[in-house]
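S.K.: Here it is, the structure in full.
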Amino acid sequence: METIHSTEYNGMPIEVVETQQTVYLQFDGGLKQSSFKKKNPKELQKPYSKHMVKVLDLWNLDHDSDPKDILVLGLGGGIIPTWLYDNTNANIDVVEIVPELKEISETYFNMPVDDRLNIIIEDCNEYMPKCDKKYDIIFVDVYGAISSVIDDANTFHTGIKRVMKEQGMAAINSLVTERNYDTYMKVLNNNYSTIIEEYVKLGRYSNNHISFCA
């Protein structure tokens, strides 16, 4: 195992780590994400990412045309935006608050540099209220940044609905625990008419919730 790149953002260490088989992004010395296998770098590795992109299957069941505009909140190592670039013809906007992740994604995680994939360095909570564009599908991959406090979360989801087309969908990846699960579901039900729980794993070592909302 070797750290092949290191930087920081607001005092938080960010590292790119390479092993014999994989490359992954690590935050604050512990939280690992955006992993890919060197033998097959275009294949999604993390279970959560495999579940999130299933929203495209659901889209195809309900729509006669492919999505044209996709918004991704949270870049990480660019794994999901890169997969979307390779597997759709959509225009993809990615909003990420950490400036360093754009160069990391392009240099170490094979994210393409192309006009169809637009990286916007900004806080998503500031981007959505002023955005004048509407999206077919929104991927919310900021994980633990979505507060389970109802007032804060409602404001966040109001932003999502503001930039989502009338027949659009949101694939939301959240940090949810057994303790706040009921509160979190209340927030979703307050904001969306359709909620499909695609992946729920609440336990000692994993607190992950993925839902498709419309």
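S.K.: Taking only the alpha-carbon positions of the stretch 59-149 and ignoring solvent, what does the Debye formula give for the base-10 log of I(q)/I(0) at q = 0.20 Å⁻¹?
M.R.: -0.98
S.K.: How much of the accessible area of the chain, probe 1.4 Å, is carbon plus sulfur, in whole percent?
M.R.: Exposed carbon and sulfur together represent 44 percent of the surface.
S.K.: Mean separation of Cα pairs under 8 Å and 6+ residues apart, divided by the residue count of the chain: what relative contact order is that in percent?
M.R.: This gives 15 percent for the chain.
S.K.: For a quick size check, give me the Cα extents of the chain along its three principal axes, largest first, whole Å.
M.R.: Computed over the Cα atoms, the extents are 47, 40, 31 Å.
S.K.: How big is the convex hull of the Cα atoms of the stretch 48-89, per residue, in Å³? Can you show the working numbers first?
M.R.: Numbers: hull volume 3.1 nm³, N = 42.
So the per-residue Cα hull volume is 73 Å³.
S.K.: Let me ask something additional. Rolling a 1.4 angstrom probe over the protein heavy atoms, how many square angstrom per residue are accessible across the chain? Write out the running numbers ahead of the final one.
M.R.: On the way: 11110 Å² over 214 residues.
For the chain, the per-residue accessible area is 52 Å².
S.K.: Let me ask you something else. Please give the length that would be gained between D64 and K37 if that part of the chain were fully extended, namely 0.36 nm times their separation in residues minus their C-alpha to C-alpha distance (nm, one decimal).
M.R.: Result for the pair: 6.3 nm of gain on full extension.
S.K.: So, one more: Work out how much length H5 to R204 would gain on full extension: take 0.36 nm times their residue separation and subtract the Cα-Cα distance, in nm to one decimal.
M.R.: Extending this stretch completely gives an extra 68.5 nm.
S.K.: To the nearest 10 square angstrom, what accessible area does H5 show with a 1.4 Å probe?
M.R.: Spelled out: H5, probe radius 1.4 Å, area about 60 Å².
The values are calculated or read from the model by the stated rules, or taken from the named source; none is laboratory data. All values derive from a computational prediction rather than experimental measurement. Heavy atoms of the whole protein, side chains included, go into the accessibility calculation; ligands, DNA and RNA do not. Shrake-Rupley method; radii C 1.70, N 1.55, O 1.52, S 1.80 Å.
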